[in-house]
1. Go through the range 177-210 and give me each residue that's more than 16 Å from the ligand (Cβ to nearest atom), closer than 18 Å to residue 57 by Cβ and not in a helix (DSSP H, G or I).
2. Go through the range 89-114 residue by residue and tally those that are more than 10 Å from the ligand (Cβ to nearest atom) and touching a strand residue (DSSP E or B) at 6+ places or on another chain (Cβ under 7 Å).
3. Only residues that are outside any helix (DSSP H, G or I), without any contact (Cβ under 8 Å) to a residue 60 or more places away in the chain and within 25 Å of residue 189 (Cα to Cα): list them for the range 12-39, please.
4. Please indicate, with yes or no, whether at least one residue in the range 59-74 is more than 12 Å from the ligand (Cβ to nearest atom), assigned to a loop (DSSP other than H, G, I, E, B) and touching a residue at least 24 places away in the same chain (Cβ under 8 Å).
5. Go through the residues of the range 106-120 one by one and say whether even a single one is in the same structural domain as residue 181 (by TED's automatic domain parsing), part of a strand (DSSP E or B) and modelled with pLDDT of 95 or more.
6. From the list 14, 29, which one is within 16 Å of the ligand (Cβ to nearest atom), surrounded by fewer than 15 Cβ atoms within 10 Å (Cβ to Cβ) and either under 26 Å from residue 281 (Cα atoms) or in the same structural domain as residue 123 (by TED's automatic domain parsing) (or both)?
7. Hey, among 42, 70, which residue is within 24 Å of residue 191 (Cβ to Cβ) and at pLDDT 95 or above?
8. Restricting the range 282-292 to residues that are surrounded by fewer than 24 Cβ atoms within 10 Å (Cβ to Cβ) and at pLDDT 95 or above, which is farthest from the ligand (Cβ to nearest atom)?
Ligand code: GLN
């Protein structure tokens with residue numbers, strides 16, 4: 001049965017549907033094939049209830065949102081200091097694929113831009129790219145509450161257009177920031193971008209982050225509290241790339257976007273929200289996704305800095 005919250009999400013979807021600004025991601029033959037009219041919303045509360053509207057169960061590739069479970073694993077494997085040694089936690093103010101490396105240390109500015117995510121992938125424990133990717137897929141599946149897999153078509157399309165990320169990986173190796181061969185790291189990073197999820201999966205994962213790392217169905221600990229807090233902090237400052245500052249001011253929810261057109265937002269203690277619509281703005285963030293979050297933030301008073 002549809003609840004008033006489902007009805008509300010349908011209303012938001014209807015109101016934002018006419019916005020056809022922006023373009024689907026170009027330069028990747030699989031992402032280019034996305035239906036630009038696709039549009040889904042899912043919202044999961046910390047008590048585990050899921051509300052949906054539109055294409056909430058349609059699958060797409062995680063793209064940059066996979067930087068979150070990969071980062072969580074690196075923090076588990078290396079501890080905070082070990083990770084900070086390789087990747088900083090400062091907003092870059094630059095585009096997601098910029099060569100944002102600190103002049104003195106060669107560290108990428110943060111783990112949510114490509115340079116940082118490639119460095120993160122290059123420090124994960126695991127014997128070979130396949131094992132490291134499997135670990136990310138497993139953790140993501142644990143957080144989403146179902147088994148997930150890599151979309152092989154998207155993976156190979158990523159690799160066919162990955163010169164830029166390959167260049168970043170070689171630069172990182174020259175700065176001593178990779179444990180493995182650059183080509184192997186780029187292969188693994190491209191596979192993590194290609195993990196298939198739906199808005200429902202992302203919203204469930206978001207609700208676990210909102211719940212401090214505990215499952216919202218049975219309270220089992222899925223992520224350490226300090227890792228969850230760290231992820232949310234970096235999402236709040238760096239998750240929307242060079243749109244992060246205006247996002248925090250207008251929406252006020254820690255979030256992470258990906259170029260397949262998904263945005264995952266997490267309001268600590270309350271909800272995980274995911275929106276998917278493939279047309280992107282200049283920063284590579286979903287146009288309708290941003291519009292939906294602005295609306296939810298306003299209507300439901302979700303802004304973190306809102307004082308009632
Ligand atoms: N696969 C994309 C890349 O590596 C992911 C970037 C993104 O989602 N912003 O460039």
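The values are calculated or read from the model by the stated rules, or taken from the named source; none is laboratory data. Note that the coordinates shown come from a computational prediction; the quantities given were computed from them, not determined experimentally. Neighbour counts are summed over all protein chains in view; Cβ atoms, including those assigned to glycine, are modelled from backbone coordinates with ideal geometry.
1. Residue satisfying the conditions is 198 alone.
2. Selection size over the range 89-114: 4.
3. 26 - this is the single residue of the range 12-39 that is outside any helix (DSSP H, G or I), without any contact (Cβ under 8 Å) to a residue 60 or more places away in the chain and within 25 Å of residue 189 (Cα to Cα).
4. Within the range 59-74, one or more residues are more than 12 Å from the ligand (Cβ to nearest atom), assigned to a loop (DSSP other than H, G, I, E, B) and touching a residue at least 24 places away in the same chain (Cβ under 8 Å).
5. Yes, that holds for at least one residue.
6. Criteria check complete, one pass: 29.
7. None of the others qualify; the one that does is 70.
8. Only one residue fits best here, namely 291.
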